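So the structure is just underneath, and the comments pick up after that.
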There are 2 protein chains.
Amino acid sequence: MTLQPERTVAELRELRELTATVDGAQRICWTDTWAQSRSWLHAKLTELPVEVETDEAGNLWATLRGESERAVVIGGHMDSVPDGGWLDGCLDTLAGLESLRRIAAEGTPPVTVRLVDWADEEGARFGRSLLGSSACSGTLDVDEVRGLTDRSGATLPDALREHGVDIDRMKDCGSQLDGAAAYLELHIEQGPVLERLGLPLGAVLGTFGVERHLIRFKGQTAHSGSTPMDDRRDAFAGAARLSLEVHEHTRRTGQGAVSTTGSVVNKPGIVTAVAGVCEMTLDQRHLNADVLAGELAYAKEAASRIATEERLEVEWEELWTIAPIPFDERLIGLADEAIVEIAGASHRLPSGPLHDAAEVARADVPTVMLFAQSLRGLSHTKEEDTKPEHIELSVMALDRLASKTIDLVAAL
Amino acid sequence: MTLQPERTVAELRELRELTATVDGAQRICWTDTWAQSRSWLHAKLTELPVEVETDEAGNLWATLRGESERAVVIGGHMDSVPDGGWLDGCLDTLAGLESLRRIAAEGTPPVTVRLVDWADEEGARFGRSLLGSSACSGTLDVDEVRGLTDRSGATLPDALREHGVDIDRMKDCGSQLDGAAAYLELHIEQGPVLERLGLPLGAVLGTFGVERHLIRFKGQTAHSGSTPMDDRRDAFAGAARLSLEVHEHTRRTGQGAVSTTGSVVNKPGIVTAVAGVCEMTLDQRHLNADVLAGELAYAKEAASRIATEERLEVEWEELWTIAPIPFDERLIGLADEAIVEIAGASHRLPSGPLHDAAEVARADVPTVMLFAQSLRGLSHTKEEDTKPEHIELSVMALDRLASKTIDLVAAL
């Protein structure tokens, strides 16, 4: 049996019929619709000569035993955000399924090949993304998530229990990575780079480090009519200047660095008042820790200088940070080769969003990802899309990469 | 009986005891607390040889008949915003009361002297300020306010009816201005100008014209991690640049012009997304219509230029505009004289906020206002304050101005 990439496109459409409404995909983890998508996947896996199990964190594993216990793992996630797209997460799992079918059809492989469907990559219901993969990698702090609740007030431990997961045992699944010699993941890019370059596929260098902060400028609330311009201490002026200066600095830095001021809240925030307080978020990302640190240092210096010039106070609150996670150089090379063989040309690019692959890499398993071109860079919306011919190329490239990686691991 | 300005300070404190909580004044119009403050005022008026009546719009009038029917009117408003200050509105009414006592004690004046306590200057409950005075001036469009509701869903017509006002008859009160030859109003400045100059009192040149608009920049929502800087169309960048450029232009214009961008709302407004839409309000004010038009024209030109440069679309929505309302030159001169006689030095300044006086001026009654110094420019908050000695000077200046105006009107 040979690879049938068109079957993956058909299965993605089948899954959409099953789990999407007119508003988009509804496979939110720890819900009935997600469980339904898992059963659908499970049925397809049982047609193969694989062992299927769900681990202590709710991750689903299918294992094709090879001549060696050393394993090549292919991963994805069936869960989606609410009103999500038809590809984010499930393309990875279903492309891996197709590759597993091809490998299984060829008999016992030289090394073990495993497919993992991670639980709760999106964190859409409880706000903690990468839940299943971080339980497996060991970076999850259970006590930090124990108190999480969804909008209806349901707690994470109760929701997990309904799906057979005991929160106090979920990190036991770490043993699943014993013997893992390589981890591969295919994902849509969720950005515009490959589309702009006219390329269907790219090899991913790693996931960006992230510095995420809240910056609070404090001035003096004042009446818009009775306060002369020179008497004002306009907190919004501080935020506006900082946003523009940081963006300009990040543009000059280049190398794919990004800075975003996505949330800006004026207080009191009414038409007749100069803002006394302005809270702005800053999200900075880069693949190189030193470059990222330089971006943050510039922002802090600029904020202090602007605050002085505008007669404001400024405070910083760290919201979240993560170090850059570079992928495996050798696997990046194989990914490039596979893409060139399938699509004629490759491009290396970092991943702005985090992925389960980052967690696996943190567990010191050599890791790489492939990106498939996204149309208009849209994701986490029903408008998310990729051309069917590019989806097929991505399945072929993942399968080619799996072959190369199996050969590499077999030769270790 | 001579003027007792210290009595006004005492009565303001008495009113505060009666109608404020720990959070500030609660004399919101068309509520029981407001009605209570009115009864308290009514009781004080009935001790004087005046006729007291409430007109069709709920404005309270006290009339001291003079030798002529031509009238000098002194006005204020007992209503406050929620959690308001102890001076905004009621200082005017109570200073007028004190002046009326002094004039009445001296026997029949040469012209009629009237005190009016306007209803619903603040518009705090239904969002329409200057309600009573605009009904009287004739500028109120009843059909525009008929559908207004408060936060609990109560309608304006029902609330008015509970206080004896028939919304369809409220403009009949316009006849109250028949014979009005001058209108005087004292108010706290609500801004920092007099405090900065070290002056207790100022003569008001008129109320600013206002151009109030919503500006909507439209770009493209994009993921903060996966979208390179050069691929972004950040709607917030348009708003930030426009705010800074407009403020700089208004500063250069000088002459007391003000521009404020008090409300800024990013959409989706989350830390991980470049803003696809940013809605910003612009509130511009000046006493001269041509200067104000120039400020607005600059803002529109700048918004278009910035939108082009940032690859955004920009839309404008007019929220509210009003032309500048200059006060009467002759009365401004008298106000200056009165202030100099009482406090040694005067200063002429425009009013950024609107006042009932603007409505009376629109009805072609010669009008002027006095401002008393505000501490720290604060108003519409319980921190609103003015030194007791400045309150007393303001009562004396209003009374002196009333005398001069009575003489002027008597000589007409």
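The values are calculated or read from the model by the stated rules, or taken from the named source; none is laboratory data. For clarity, every value in this text was computed on a predicted model and none was experimentally measured. Here the Cβ positions follow ideal geometry from the backbone for every residue, glycine too, while neighbour counts run over all protein chains shown. The area values use the complete protein model at the heavy-atom level, side chains included, leaving out ligands, DNA and RNA. Shrake-Rupley method; radii C 1.70, N 1.55, O 1.52, S 1.80 Å.
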Output row, site A:ASP141, 7 Å Cα→C-beta label point, backbone N cut-off 15 Å, window the stretch A:318-356, residues A:318-323
Amide H contacts under 5 Å for B:VAL73, restricted to residues at least 5 apart in sequence or on another chain and with H modeled in the peptide plane, are B:ARG114, B:ALA181, B:ALA182, B:TYR183, B:LEU184
The simple spin-label model distance between B:ALA43 and A:GLU341, using points 7 Å out along Cα→Cβ, in nm, is 9.7 nm
Taking Cα atoms, the helix B:289-309 axis meets the longest principal axis of chain B at an angle in degrees (rounded to 10) of 20 degrees
Projecting the Cα atoms of B:THR381, B:HIS77, A:MET229 onto the charge dipole of the protein assembly as shown, where Lys and Arg contribute +1 and Asp and Glu -1 at Cβ, the residue farthest towards the positive end is A:MET229
In whole Hz, the Karplus estimates of ³J(HN,Hα) for the stretch B:265-271 (6.51, -1.76, 1.60; θ = phi - 60°; x where Gly or Pro) are 10, 8, 10, x, x, 10, 4
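Is the protein assembly as shown best put as rounded, prolate or oblate by its Cα gyration tensor, with a ≥ b ≥ c the root eigenvalues, rounded for a/c under 1.5, and otherwise prolate when a/b is larger than b/c, oblate when not? Present the calculation step by step, with values, prior to reporting the outcome.
Numbers: a/c = 3.35, a/b = 2.78, b/c = 1.21.
Here the protein assembly as shown falls in the prolate category.
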Residues whose built amide H sits under 5 Å from the amide H of B:GLY123, excluding neighbours closer than 5 in sequence, are B:LEU130, B:LEU131
Computed on Cα atoms only, the convex hull of the stretch B:100-143 has an orientation-averaged projected area in nm² of 4.4 nm²
Restricting to Cα pairs under 8 Å and 6 or more apart, the percent relative contact order of chain A works out to 22 percent
SASA check, B:ARG70, accessible area w/ 1.4 Å probe, all protein chains in place, rounded to nearest 10 Å², comes out at 90 Å²
For peptide A:171-179, the mean count of other chain Cβ atoms within 10 Å per residue Cβ is 0
Nearest 10, in degrees from 0 to 90: the angle of helix A:235-253 to the longest Cα principal axis of chain A is 50 degrees
Expected response for nearest chain A Cβ to the A-B rotation axis, distance in whole Å, is A:ALA240, 2
Within 10 Å of the Cβ of an average residue in A:247-259, the count of other chain Cβ atoms is 3
Only helices counted: for chain B, with every DSSP H run of 4 or more residues adding -39500 (n - 2.57) and the sum spread over all residues, [θ] at 222 nm is -11500 deg cm²/dmol
A 1.4 Å probe over the protein heavy atoms gives chain A a carbon and sulfur accessible-area percentage of 47 percent
For the stretch B:88-219, the Kirkwood Rh over every pair of distinct alpha carbons, in Å, works out to 18.1 Å
Note on the stretch B:309-412: alpha-carbon gyration tensor, axes a ≥ b ≥ c; rule is a/c under 1.5 for rounded, else prolate if a/b larger than b/c, else oblate; result oblate
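Could you run the numbers on buried accessible area between B and A, total for both chains, 1.4 angstrom probe, in Å² to the nearest 100?
On the way: alone 16950 and 16930 Å², together 30010 Å².
The B and A chains share an interface burying roughly 3900 Å².
Magnitude of the Cβ-charge dipole of the stretch A:244-396, K/R +1 and D/E -1, about the Cα centre, nearest 20 debye?
Numbers: 13 positive and 26 negative charges, 72 e Å.
The dipole of the stretch A:244-396 has a size of about 340 debye.
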So, in nm and shortest first, the distances from A:ARG311 to its counterparts in the other copies, with label points 7 Å along Cα→Cβ, work out as 4.0
The long-range amide H neighbours of A:GLY191, using H built 1.01 Å from N in the peptide plane and a cut-off of under 5 Å, are A:SER374
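Where does the charge balance sit around B:ALA273 when Lys and Arg score +1, Asp and Glu -1, over other residues with C-beta under 12 Å from its C-beta?
Local net charge: 0.
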Sorting A:LEU115, A:LEU334, B:ALA410 by the position of each Cα along the dipole of the protein assembly as shown (Lys, Arg +1; Asp, Glu -1; all at Cβ), the one nearest the positive end of that ordering is A:LEU334
Note to self: with every protein chain in place and a 1.4 Å probe, the stretch A:112-230 gives an accessible area per residue in Å² of 35 Å²
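If R0 is 30 Å, what FRET efficiency do you get for B:ALA154 and A:ARG151 from their C-beta distance, rounded to 0.05?
Numbers: r = 31 Å, r/R0 = 1.03.
My answer for the efficiency is 0.45.
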Sorting A:VAL271, A:LEU319, A:THR250 by the position of each Cα along the dipole of the stretch A:209-322 (Lys, Arg +1; Asp, Glu -1; all at Cβ), the one nearest the positive end of that ordering is A:VAL271
Taking a straight Cα-to-Cα line shorter than 30 Å from B:LYS267, and setting aside same-chain lysines fewer than 8 residues away, one finds A:LYS218, A:LYS267, A:LYS300, A:LYS382, A:LYS387, B:LYS218, B:LYS300
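Decide, for the stretch A:1-139, between rounded, prolate and oblate: order the square roots of the alpha carbon gyration tensor eigenvalues as a ≥ b ≥ c, take rounded if a/c falls under 1.5, and otherwise choose prolate if a/b is larger than b/c, else oblate.
Values: a/c = 2.34, a/b = 1.35, b/c = 1.74.
Oblate, since a/c reaches 1.5 and b/c is not below a/b.
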Treating only Lys and Arg (+1) and Asp and Glu (-1) as charged, each at its beta carbon, one finds that the stretch A:209-322 has a dipole about its Cα centre, in Debye to the nearest 20, of 160 debye
Karplus-derived 3J(HN,Hα) from phi for the stretch B:176-192 (6.51 cos²θ - 1.76 cosθ + 1.60, θ = phi - 60°), whole Hz, x at Gly and Pro, runs 4, 8, 4, x, 5, 9, 7, 10, 10, 9, 9, 8, 5, 5, 6, x, x
For the stretch A:187-226, the Debye formula with one identical point scatterer on each Cα and no solvent gives log10 I(q)/I(0) at q = 0.24 Å⁻¹ as -0.95
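Per residue, how much accessible area does the stretch A:271-311 show when a 1.4 Å probe rolls over the protein heavy atoms, in square angstrom?
Details: 1440 Å² over 41 residues.
I get 35 Å² per residue for the stretch A:271-311.
Once you list every other residue whose beta carbon is under 12 Å from the beta carbon of B:CYS29, what net charge do they have if Lys and Arg are +1 and Asp and Glu are -1?
Every neighbour counted, the sum reads -4.
Using 1/(1 + (r/R0)^6) with R0 = 56 angstrom and r between the beta carbons of A:GLU301 and B:LYS387, what's the FRET efficiency to the nearest 0.05? Please report the intermediate quantities before stating the final value.
Values: r = 42 Å, r/R0 = 0.76.
Efficiency, from the Cβ-Cβ distance: 0.85.
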So, over other residues within a Cβ distance under 12 Å of B:LEU205, counting Lys, Arg +1 and Asp, Glu -1, the net charge is -2
When all Cα-Cα pair distances of chain B are considered, the percent exceeding 39 Å is 24 percent
For the stretch B:70-77, in residue order, the Karplus 3J(HN,Hα) values (coefficients 6.51, -1.76, 1.60; θ = phi - 60°; whole Hz; Gly and Pro = x) are 4, 10, 9, 10, 10, x, x, 8
Between the alpha carbon centres of the stretch A:143-182 and the stretch B:167-221 the gap in Å comes to 61 Å
Under a Gaussian network model of chain B whose springs join Cα atoms within less than 10 Å, the largest fluctuation of B:SER263, B:SER37, B:SER137 belongs to B:SER263
Quick calc, chain A, dipole around Cα centre from Cβ unit charges on Lys, Arg (+) and Asp, Glu (-), nearest 20 debye, gives 800 debye
One finds the C-alpha centres of the stretch B:331-381 and the stretch A:1-55 to be spaced, in Å, by 74 Å
Mean accessible area per residue over the stretch B:1-69 (1.4 angstrom probe, all protein chains present, square angstrom) is 48 Å²
For chain B, longest principal axis from Cα atoms; helix B:5-19 axis from its Cα atoms; angle between them, nearest 10 degrees, is 60 degrees
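Note the direction-averaged projected area, equal to a quarter of the hull surface, for the Cα convex hull of the stretch B:179-292, in nm². It would help to have the intermediate numbers written out before the result.
Working: hull surface 44.2 nm².
Over every viewing direction, the Cα hull of the stretch B:179-292 projects on average to 11.0 nm².
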Note on the stretch A:209-322: contact order normalised by length, alpha-carbon pairs under 8 Å, 6 or more apart, percent, works out to 45 percent
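Can you tell me the equivalent ellipsoid semi-axes for the stretch B:297-362? Use √(5λ) from the Cα gyration tensor, largest first, whole Å.
On the way: eigenvalues 341, 46, 15 Å².
Calculated on Cα positions only, the semi-axes equal 41, 15, 9 Å.
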